[in-house]
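Read the structure below first, then the notes.
Each value in this text was obtained by applying a stated rule to the coordinates, not by laboratory testing. Here the structure is a predicted model, which is why all the values come from computation and not from measurement. Quick reminder, even Gly has a Cβ in these numbers, built from the backbone with ideal geometry, and neighbours come from all protein chains shown.
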Amino acid sequence: MSDEFIPKEDFLKKYIEPFTPLHYVYWPDKGFIVWRASTGENAELLHIHTFVRGKGYSKELVKEMMRQLAEKPPYYSVFGFALSSREALKEVYPKLGFNITPDIEAPYKGGPSFIFWQSFEELKKKYLDGK
């Protein structure tokens, strides 16, 4: 840790502004997805919700998120957290191309959670490069 003074303008530009805006897609007939830039050149997927299940809308939403992320790289990975008690999500996220790291004690008050994650490049291949 450094004792170097950082002017407020520099502090805001480096430590606040990159992480403040939430990005989202909301399609009234399909659902929504919400994400934000995170530390380490990662994107954090905060919410994904479809209004009708089984139509492939989750994949369409992730594809649109990836399209928007690709406009402003670099990103190393896309990740998020969910409560381990939400068992169905442990099947959904792998279908969307994410890896699962199960049952960590944090970050949620409601009990153990799991992390879903994938490298940006792998998701880009899946959703944008047609591979």
- Provide the per-residue ³J(HN,Hα) series for region 39-51, in order, calculated from phi with Karplus coefficients 6.51, -1.76, 1.60 and θ = phi - 60°, each as a whole number of Hz, with x at glycine and proline positions. 5, x, 6, 10, 10, 9, 7, 8, 8, 9, 8, 10, 7
- Query: So how tilted is helix 57-70 from the main axis of the chain? Cα-based, degrees 0 to 90, rounded to 10.
  - Reply: 30 degrees
- Message: Can you sort W117, W27 from fewest to most other Cβ atoms within 10 Å of each residue's own Cβ?
- Response: W27, W117
- Using label points projected 7 Å from each Cα along Cα→Cβ, tell me how many nm separate F5 and K90, to one decimal. 5.4 nm
- Message: In whole Å, what are the extents of the chain along the principal axes defined by its C-alpha atoms, from largest to smallest?
- Response: 53, 35, 29
- Task: Name the long-range amide H neighbours of S84: under 5 Å, sequence gap of 5 or more, or other chain; modelled H, no Pro or chain starts.
- Result: S113, F114
- E71 paired with L83, simple spin-label distance in nm, labels 7 Å along Cα-to-beta-carbon: 3.5 nm
- Message: Using each residue's phi in region 21-36, evaluate 6.51 cos²θ - 1.76 cosθ + 1.60 at θ = phi - 60° and report the 3J(HN,Hα) Karplus result to the nearest Hz, with x for Gly and Pro.
- Response: x, 8, 10, 7, 10, 10, 10, x, 9, 10, x, 8, 9, 10, 8, 8
